[in-house]
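The values are calculated or read from the model by the stated rules, or taken from the named source; none is laboratory data. These numbers were taken from a predicted model, which means no experiment stands behind them. Neighbour counts run over all protein chains shown; Cβ positions are idealised from the backbone, glycine included.
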Amino acid sequence: MSLHLRCLYTHSLALVVTLLLFTATSGDGDGDAVENITAVLGHSITFRCPSNRSTPVERLYIQRFKNDKEDFINGFYRGQPLPVLPEYQNRTKVNEMELSMEMRNISVSDEGLYKCLVFINNKPEISKILLKVTAEYSVPTITKDCNKPGDGGAGKSCQLSCSAVGGYPQSTVRWTGLNQSLTNVIYNRSSADNESKTWTINQTIVHNCNQPTNISCAVGGSVSHTITICETESFPFVVIVAIAVVLVFVLLLVFVVVMKCCFRGPQRDDGAGETGVRFIDCRSQLQHV
């Protein structure tokens, strides 16, 4: 057996023995206090193991409660690193002086309860750390589709949609500026990505208008831009179109009259016998129109 394998076997055996000793003594030193820490998805977090030490620390084990058992994450024994699970091998690093462990590239699956065991004179000091993972949602997309009232504004309503992606944990849509008594939810759906476990949130509502309103929506800590709904129309659209048609007709009529009075067909000159165009005074002709 090579020296490297022999050392690895010795470290692993020491870890197993220590865990057995901890199991036998956990009832004496395991407290109920839990420290809460929060990590951002994809970033790093540091687990700090508190210790009232007056003598050098012999061993440090950081474990995780998972699937009704405790998995060893990282640690050291008498200054030597211990074998690390492949899942944590390239993204965890222990600092012996600070009794801490850095975990990089945090994922949603890292969320859970961890335990620090600091051994001084073969007696463990135990502390628990609860890791929570968060991810900010994208800026929500807000859209509106308002119907046109049939009689001066009565019966007008707006269909509003709000959606955001990439957040964790699961959240809900919150509307600002709406009268809830005039609002009905017609679609509400949340779905998690199979790989990243982040959430996509969608909601569609119908709001019955009673006055112009500035609104926005929020998902998690992200807020959409503000839009205005239920605007009052200063003049009915149909009337505006009718006025425009009449104006165009009048302008065309004036143009035709002006052209008729300002231009006449070919006239033969009495003296020279040549064909020419005779122009008349349009100003005098228009006076008779």
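Name the single residue, out of those in the range 224-242 being surrounded by 16 or more Cβ atoms within 10 Å (Cβ to Cβ) and of a type in the set (Val, Ile, Thr), that is modelled with the lowest pLDDT.
Looking at the filtered set, the residue picked out is ILE229.
What are the residues in the range 176-222 that are aromatic (Phe, Trp, Tyr) and surrounded by 18 or more Cβ atoms within 10 Å (Cβ to Cβ), if any?
Matches in the range 176-222: TRP199 only.
Within the range 92-108, track down each residue that is surrounded by fewer than 16 Cβ atoms within 10 Å (Cβ to Cβ) and assigned to a strand (DSSP E or B).
If the condition is that a residue be surrounded by fewer than 16 Cβ atoms within 10 Å (Cβ to Cβ) and assigned to a strand (DSSP E or B), then ASN95, GLU102 are the ones that fit.
Restricting to the range 109-136, name every residue that is farther than 14 Å from TYR61 by Cα, charged (D, E, K, R) and in a strand (DSSP E or B).
LYS132
Output the residues belonging to the range 62-91 that are in a loop (DSSP other than H, G, I, E, B) and more than 17 Å from LEU130 (Cα to Cα).
Those that are in a loop (DSSP other than H, G, I, E, B) and more than 17 Å from LEU130 (Cα to Cα): ARG78, GLY79, LEU82, PRO83, VAL84, LEU85, ASN90, ARG91.
So which of THR232, THR143, THR200 ends up being part of a loop (DSSP other than H, G, I, E, B) and out of contact with any Phe, Trp or Tyr (no Cβ under 8 Å at 6 or more places or on another chain)?
Criteria check complete, one pass: THR232.
Quickly run through the range 185-206 and pick out the residues that are modelled with pLDDT under 95 and of a type outside the set (D, E, K, R).
Listed by number, the residues that qualify are ASN194, SER196.
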